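Chemist: Encoded as structure tokens, here's the structure I'll be asking about.
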């Protein structure tokens, strides 16, 4: 999970430059990525609109210089900080899923270019899991 905090409301666009589309493209461009979610993601598809809608409310906050002001916030963040392609001022919450590494030490059947059966087995040192390396890469891609 990657969370972006402190973005103002209003970044992105409702059609061609939707923020969630740009984020999805960036994350899905990372090798081994097989899934992308923002906010409630796939679990949101099993919710009713009345359950999923992020209701707005007024909230009094104190600024860093001690002033009090009223801001618009959502009670929940099912949208993951993006509504209609535009940031709403809440945290942007995304998740990415990665496939297992392809190079493994277990022999696997395949075929050659000449359509001949053969067996491949990974040799040498390889990462057993891409996730530890994926964390800073996801953060960097989201920051772009």
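Chemist: Could you please rank 129, 2, placing first whichever residue has the fewest other Cβ atoms within 10 Å of its Cβ? List each step's numbers first, then the result.
Modeler: Values: 129 11, 2 16.
In increasing order of surrounding Cβ atoms, one gets 129, 2.
Chemist: Here's a follow-up. Cα centroids of region 70-111 and region 1-46: how far apart, whole angstrom?
Modeler: 6 Å
Chemist: Give the order of 56, 36 when sorted by the count of other beta carbons within 10 angstrom, beginning with the fewest.
Modeler: Placing the least packed residue first, the sequence is 56, 36.
Chemist: Nearest 10 degrees is fine. How inclined is helix 19-28 to the longest principal axis of the chain, computing both from alpha carbons?
Modeler: 20 degrees
Chemist: Further, regarding this structure: Rg to Rh for region 1-68: what is it, with Cα atoms only and Rh by Kirkwood?
Modeler: Rounded to two decimals, Rg over Rh is 1.05.
Chemist: With 10 angstrom as the radius, rank 1, 20, 37 by how many other C-beta atoms surround their C-beta, starting from the fewest. Intermediate results must be reported in sequence, preceding the final value.
Modeler: Values: 1 8, 20 23, 37 19.
Ordered by Cβ neighbours within 10 Å, fewest first: 1, 37, 20.
Chemist: Cα extents of region 64-107 along the three principal axes, largest first, in whole Å?
Modeler: 65, 28, 17
Chemist: Let me ask something additional. Using the eigenvalues of the Cα gyration tensor, what equivalent ellipsoid semi-axes result for region 49-124 when each is taken as the square root of five times the eigenvalue, whole Å, largest first?
Modeler: Details: eigenvalues 587, 53, 19 Å².
Semi-axes (√(5λ), whole Å): 54, 16, 10.
Rule-based calculations on the coordinates, nothing more; no lab input. Keep in mind the model is a prediction, meaning the values are calculated, not measured. As a convention, Cβ positions derive from the backbone with ideal geometry for all residues, glycine included, and neighbour counts pool all protein chains shown.
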